Amino acid sequence: MKRFTLLAATAMLSACGTGDNQTPAADTTTTETTMETPAPATAPGAPTDAAGYIAKAGAGDMWEIESSKALRAKSQRDDVKAFAQMMIDNHGEATAKVKAAAGAASLTVPPPALDPDQQMMLDEIKAADAASIDAVYLRHQQTAHDAALALHRAYATGGDTPSLKAAAGEIVPVVEKHIAELRKLTQAVPADAG
């Protein structure tokens, strides 16, 4: 990786030009069969501005809380209901953390609003019967947590407001824990139940 980075930097500096029109000779001294590609600094579509981050984080937390309340009303599985309660608690804490960080930066936090995909997933969970709700809920939880992890990671590394970057960085391990718990639960719940 270091060798590739050094070669790339050298090639870019050579290409920047020294005022002459000579074409730099190609470097054929090394060939690397494996190349590590670093992850992009931000996830595609993940906001790096404070307002965008606050809006997406708020909507994500609201979806987690509302979908988990809907699950708890119908599910017959204690393990899935316990996970849902953890979502209600942890995402309430995440909301408070983002609000506090925004306040420290003198930013206003507007009320969250679900995007159309979040609303569709919430509607599906609410419409599911007791026999299928666990599978529907867990499938949508995976989608939501993948998006949440990308959002918080991207803002923690590329965000524009230090207090929010710190909050996002603190939220990342919580979301990673949720994803690990989801893996355990999805192994126990048949995927075709929904």
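Here, each number is a calculation from the coordinates, and none is a lab measurement. Not measured: the values here are computed from a predicted model. Reconstructed Cβ throughout: ideal geometry from the backbone, glycine too, with neighbour counts over all protein chains shown.
Computed on the stretch 74-194, with alpha-carbon pairs under 8 angstrom and 6+ residues apart, the relative contact order is 34 percent. Ordering 82-93, 121-132 by mean Cβ neighbour count within 10 Å, with the highest value first, yields 82-93, 121-132. Remark: the Asp146-Glu93 segment gains 17.2 nm on full extension, using 0.36 nm per residue and subtracting the alpha carbon distance. Round to the nearest 0.05 the FRET efficiency obtained for Asp160 and Ala180 when R0 = 41 Å and r is the Cβ-Cβ distance. For Asp160 and Ala180, the calculated efficiency is 0.85. Using +1 at the Cβ of each Lys and Arg and -1 at the Cβ of each Asp and Glu in the stretch 57-129, identify which of Ala113, Ala82, Gly103 lies farthest towards the dipole's positive end. Selected residue: Gly103. When restricted to Cα atoms, the stretch 82-194 yields an Rg and a Dmax of 15.5, 48 Å, respectively. Between Ala105 and Glu170, how high is the FRET efficiency from 1/(1 + (r/R0)^6) when r is the Cβ-Cβ distance and R₀ = 22 Å? Nearest 0.05. The computed FRET efficiency comes out at 0.90. Taking the square roots of 5 times each eigenvalue of the Cα gyration tensor of the stretch 68-144, largest first, gives ellipsoid semi-axes of 28, 15, 8 Å.
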